[in-house]
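Visitor: Sharing a structure, written as structure tokens. Questions coming.
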Amino acid sequence: MDVTVGKILFTEEQIRERAKALAKKINEDYKGESVYLVGTLRGALVWMADLMKELELNTEIDFIVASSYQGTDTTGVVTIKKDIEGDVSGKNVIIVEDIVDTGTTLFKLLDYFKGRGAKSVEICSMLNKPSRRRAPVSPKYNGFEIDDLFVIGYGLDYNQKFRNLPYVGVAELR
Ligand code: 5GP
């Protein structure tokens, strides 16, 4: 199957503006505290870079690779393929995600970090597809809501390609 980029939904400028606005909220919400950003590889890379540059807090960064398999139960099965390297106990974890779709992955990750003694755990997602939700997850910090479309670019892939596009566009399959 051939894939091309269809409609551009969000330009680099729009995304960076949202990252800036959300970072401002995070700066206010965590004033006087430190944050521990955990980016979900590989998709959140570009969004995380935009966000972290706008933070004025003591900030640590780490990465996790989790994959979800949607079984018959509503929350699915999540495997951690690469764990974080630091210790999150007593820390304010913010999971930085590219897109929340069914919510399966994040539902498990929220639990995972709480179980490891994090002081707080929130989500900062670039995109959100609420119509697809299966697990009860709603990001406190969210860039844009989109309809049920498959999108690529700005970190998001189709078969590992298109992550380098400097915008988010709709994937057109032919
Ligand atoms: P969830 O566990 O919320 O169903 O899955 C979230 C993950 O699915 C995202 O981190 C992303 O890797 C992938 N995903 C969901 N929707 C899209 C999409 O529209 N485009 C791309 N490229 N990946 C998506």
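The values are calculated or read from the model by the stated rules, or taken from the named source; none is laboratory data. All figures in this text were calculated on a predicted structure; none of them were measured in a lab. FYI the Cβ positions are ideal-geometry reconstructions off the backbone, even for glycines, and counts take in every protein chain you see. These accessible areas exclude ligands, DNA and RNA; they are computed on the full protein's heavy atoms, side chains included. Shrake-Rupley method; radii C 1.70, N 1.55, O 1.52, S 1.80 Å.
Visitor: log₁₀ I(q)/I(0) of the stretch 39-116 at q = 0.11, 0.13, 0.26 Å⁻¹, via Debye over equal Cα point scatterers, no solvent, to two decimals?
Guide: -0.30, -0.41, -1.41
Visitor: Further, regarding this structure: Go through T79, G143, V46 and say which Cα lies farthest out towards the positive end of the charge dipole of the chain; charges sit on Cβ, +1 for Lys and Arg, -1 for Asp and Glu.
Guide: Checking the options against the dipole of the chain, the answer is T79.
Visitor: So which chymotrypsin sites (Phe, Trp or Tyr not before Pro) in the stretch 1-78 pass both tests, a DSSP loop state and at most 11 other Cβ atoms within 10 Å of the Cβ?
Guide: Sparse-neighbourhood loop chymotrypsin sites (Phe, Trp or Tyr not before Pro): none present.
Visitor: Still on this structure, please answer the following. Using θ = phi - 60° and the Karplus relation 6.51 cos²θ - 1.76 cosθ + 1.60, list the HN-Hα couplings for the stretch 122-132 in order, rounded to whole Hz, with x at every Gly or Pro.
Guide: 10, 10, 10, 10, 5, 10, 9, 10, x, 5, 9
Visitor: Taking a virtual spin label 7 Å from the Cα of K140 along the C-beta vector, which residues in the stretch 35-67 bring their backbone nitrogen under 14 Å of it?
Guide: 35-38
Visitor: For S131 paired with E85, estimate the spin-label separation in nm (one decimal), with each label point 7 Å from Cα along the Cα-to-Cβ line.
Guide: For the pair S131/E85, the computed spacing is 4.1 nm.
Visitor: From the gyration tensor of the Cα coordinates in the chain, what semi-axes in whole Å does the equivalent ellipsoid have, largest first, with each one equal to sqrt(5λ)? Walk me through the intermediate numbers first.
Guide: On the way: eigenvalues 128, 81, 37 Å².
Sorted largest first and rounded, they come to 25, 20, 14 Å.
Visitor: Next question. Once you mark the GluC sites (Glu not before Pro) that are in a DSSP loop and have at most 13 other Cβ atoms within 10 Å, what is the longest gap between them in the chain?
Guide: On the way: sites that count: E33, E56, E85.
Longest run free of exposed loop sites: 86-174.
Visitor: Read phi for every residue in the stretch 26-35 and hand back ³J(HN,Hα) as whole Hz from Karplus 6.51 cos²θ - 1.76 cosθ + 1.60, θ = phi - 60°, with x for Gly and Pro.
Guide: 5, 4, 6, 4, 10, 3, x, 10, 9, 10
Visitor: Please report, largest first and rounded to whole Å, the three semi-axes of the ellipsoid equivalent to the stretch 18-84, where each semi-axis is the square root of five times an eigenvalue of the C-alpha gyration tensor.
Guide: Numbers: eigenvalues 154, 32, 28 Å².
For the stretch 18-84, the semi-axes come out at 28, 13, 12 Å.
Visitor: Related question: What 222 nm value per residue comes from the helices of the chain, counting each DSSP H run with n ≥ 4 as -39,500 (n - 2.57) and dividing by all residues, nearest 500 deg cm²/dmol?
Guide: -7000 deg cm²/dmol
Visitor: Take the solvent-accessible surface of the protein heavy atoms, probe 1.4 Å, and return the percent of it on the stretch 29-89 that carbon and sulfur atoms account for.
Guide: Details: 1640 of 3380 Å².
For the stretch 29-89, the apolar C and S fraction of the accessible surface comes to 49 percent.
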